[in-house]
1. Which distance in Å, rounded to a whole number, links the C-alpha centroids of segment 304-328 and segment 237-278?
2. Please give the length that would be gained between Ala355 and Thr433 if that part of the chain were fully extended, namely 0.36 nm times their separation in residues minus their C-alpha to C-alpha distance (nm, one decimal).
3. Run the reach check for Lys220 against lysines, Cα to Cα strictly under 17 Å, same-chain hits fewer than 8 apart removed. What comes back?
4. Could you please report the charge total around Thr420, scoring K, R as +1 and D, E as -1 over all other residues with beta-carbon less than 10 angstrom from its beta-carbon?
5. Apply 1/(1 + (r/R0)^6) to the Cβ-Cβ distance of His71 and Leu177, taking R0 = 45 Å, and write down the FRET efficiency to the nearest 0.05.
6. Under 17 Å between alpha carbons, and skipping anything fewer than 8 positions from Lys406 in its own chain: which lysines qualify?
7. Measure of size requested: the Rg and Dmax of segment 325-405, with Cα atoms as the atom set and Å as the unit; please supply both.
8. Once you sort the root eigenvalues of the Cα gyration tensor of segment 214-325 as a ≥ b ≥ c, which label holds: rounded (a/c under 1.5), prolate (a/b larger than b/c) or oblate (the other case)?
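Only the coordinates and a few stated rules stand behind these numbers; no lab work does. A quick note: this is a predicted structure, and the numbers were derived from the prediction, not measured. Virtual Cβ from ideal backbone geometry, glycine too; neighbours counted across all protein chains shown.
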Amino acid sequence: MTSRTSLLRHPLALAGGLLATAGAVVFAALLVAELWGLFDNPYAGLVVFLVVPAIVVLGLLLIPLGMWLEHRRLSAHPGAEREWFVLDFRSARTRRLAMLVLALTAVNITIVLLAGYGSLHYMESPAFCGQTCHTPMHPQFTAWQDAPHSRVTCVQCHVGEGTRAFVHYKLNGIRQLYHVVTGGYERPIPGVVADFRPAQEVCGSCHWSGKNFGDTIRIKREYADDEANTETTTILQLHVGGPGVPTPDGRAIHWHADPRVKVDYVSVDADRQTIPYVRVTNAQGQVREFTAEGATSADIAKGQRRTMDCIDCHNVVAHRVAATPEQAVDRAIATGRIQRALPFVRREGVRLMKASHATGDAAARTIEGELRQFYTSAASGPEAEVARAVTSLQNIYRRNVFPTMKVTFGTYPDNLGHITSSGCFRCHDGGHTAKDGTTISAECEYCHKQIEPRPSAGAQ
């Protein structure tokens, strides 16, 4: 009778044993390094928890396969001994060959390690996210390059560290890769808020949620379509405050982030723009439920329940597309990228931004041709200022409009405010009412004071 030990003599079983043993040792070492926090690459989990265990499993599968093959061989040829090659290290040629094999093996291992490290490093880079999947992610990648978070890599927010984040987001990337290869992705790509990690995990390593901002001042400059591009300045005093720290007026927009307060809500769309139900638990543990006018129990039951955090308002901080052409052109004028002294430049800029074009290159040519023609025939303007306006408007279009992906101004709603989208008014609309008749406030001065808009005299 053939012993099980003898079945392990098959080369495939021996190779499986070596592979499983080596993989187990490497996994143990990498796991210790992971637990000690020696890896700051989110993609390290790809190696530690997927690649190396896969090697171990492969080795374990090879062992019974080799034993089965050895059993078949012995059944067909009972008593036959397996012939093994013999290395005779008394021979100088054998020793030289063995040293060459060992040296080449060391070189190959070094190349594989360097290639693996380089692959991990590249996969965590924004270039991998924005350029490997160039067409679908082009809008987000372009907007990110011009955003306040442009020094924060994509994976720091969209993947994060640890096994749970890796399993949830990177295995989901397999499905996304399939859609990219087959061209089956949505146009435009949906916003990320519906599948985003909690704000404390995403933002908490850099932003302190307990900071007290007090009252902050925001200045908005808007321009008219007249020849002088008349400027109107609006100054807002925002009662931002901090969690548990109201402003002198007793208000605090960041009350929503107070850890002692819990705001749960139900949304019925992926972008969380329609909210029929809000449940507030205050610092004393008292609960109050608010239901939107016309909302039914069925509407609430089929919606998605969520606990409010920072991302519910700050939802496009990393790749903001301008809400309107007017807003984009006004900002360019306010920051001096477009000279306000050019007659009608605001009107013409907005008109050119609203025009439809098949490609970004076609838009750039049209913008230059029409703007130069306007200042040649209908108005006057220094050549240098016209050229600068052309470049700025072309950049605005490239930064916000992507015909291939059907992305344009306002495609992704910005919840910070309520001028160009529902934003705050998703809940603070005066129509969410509790059983006792109280409503979620819609009063302007609940969040800010406004200094009346005033036109600026003369062109700048």
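1. Here the answer is 14 Å between Cα centres.
2. 23.9 nm
3. Lys449
4. Residues close to Thr420 contribute a combined charge of -2.
5. The pair His71/Leu177 has a calculated efficiency of 0.65.
6. Lys354
7. For segment 325-405, the Cα-based Rg and Dmax read 11.7, 37 Å.
8. Oblate shape, in that a/c is at least 1.5 and b/c is the bigger or equal ratio.
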